[in-house]
Each structure stands twice: as C-alpha cells, then as structure tokens.
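Input: a single structure, listed below in structure tokens.
The values are calculated or read from the model by the stated rules, or taken from the named source; none is laboratory data. Remember, predicted model here, so these are calculated numbers, not experimental data. Here the Cβ is made from the backbone with ideal geometry for all residues, glycine too, and neighbour counts use every protein chain on show.
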Amino acid sequence: MEYVYAALILNENDEEINEDNVTAVLEAAGVDVEQSRVKALVAALEDVDIEDAIDTAAAAPAAGGAAGGAAGSDDDDEDDGDEAADEAEEEDAAEDEEEEDEEASGEGLGELFG
C-alpha cells in the first residue's frame with residue numbers, strides 16, 4: 001500500500017511519478033524499497049489519469065447508496081420485505097461476480113503488490 005501512497009503523494013504535489021521519485025518518497029518514509037515493486041507501479045500508472053481514477057472511485061459509493069435509498073422509499077410495507085430480500089440476493093450475486101472477475105483476471109494494483 002505504501003507504494004501506491006507514494007504515487008498519490010507525488011501526484012498531489014504535481015511531481016512526476018517515476019522510479020527515482022517513488023523511491024525517494026518511500027525511503028523518506030523509512031520503507032525498505034523493493035525496486036521490482038517500484039518498476040511495476042510506475043509501469044502500471046504510466047497511462048493512468050490518477051485524478052480521473054480518484055473521481056471515479058469517489059463517485060462509486062455515492063451511486064450505490066442512492067440506489068439503495070431510492071428502493072427503500074416505497075410506501076407499500078408489503079413490498080418492502082420482498083424488495084429487501086431481492087436486494088440482498090442481488091448484492092450477494094454482485095459480490096460473487098466481482099470476486100470471480102478479480103480471480104480470473106489477475107489484474108489490478110493489489111495483484112502487483114500483494
């Protein structure tokens with residue numbers, strides 16, 4: 001995680017995210033730097049717009065919460081129980097799909113850094 005944090009610090013300060021800068025931030029934080037991880041991070045972030053990724057990630061929880069709130073606003077008490085059960089089943093199915101997708105693809109920064 002500290003490797004990703006180093007990249008975020010560099011991005012926040014409008015510094016270039018390269019191997020030397022990431023290494024310098026990590027060493028300043030007292031991290032035992034693994035150059036293979038630094039290289040992998042820099043390569044993974046090469047074509048990534050970090051600001052766009054942050055905005056997208058920040059918007060995702062709000063969209064999920066809005067959908068849940070809208071479904072719970074029905075006046076029919078009879079339907080509320082059925083809808084809650086359906087939503088729980090949909091959430092479980094969505095979580096299972098995400099886990100399968102992550103396992104199958106092996107992509108993502110988490111896979112790079114363990």
Original post:
What pairs can you find where one residue is in region 23-47 and on the phi < 0 side of the Ramachandran plot and aliphatic (A, V, I, L, M), the other is crowded, with 16+ Cβ neighbours inside 10 Å and in a loop (DSSP other than H, G, I, E, B), and their Cβ atoms are less than 6 Å apart, with a gap of 6+ or different chains?
Top reply: Leu26/Val33; Leu45/Ile17
Original post:
How many residues, within region 7-22, are free of Cβ contacts under 8 Å to residues at least 24 places away in the same chain and surrounded by 13 or more Cβ atoms within 10 Å (Cβ to Cβ)?
Top reply: 6
**OP:** Being modelled with pLDDT of 55 or more, touching a helix residue (DSSP H, G or I) at 6+ places or on another chain (Cβ under 9 Å) and surrounded by fewer than 11 Cβ atoms within 10 Å (Cβ to Cβ) narrows it down to one of Glu51, Glu34, Glu89, so name that one.
**Re:** Glu51
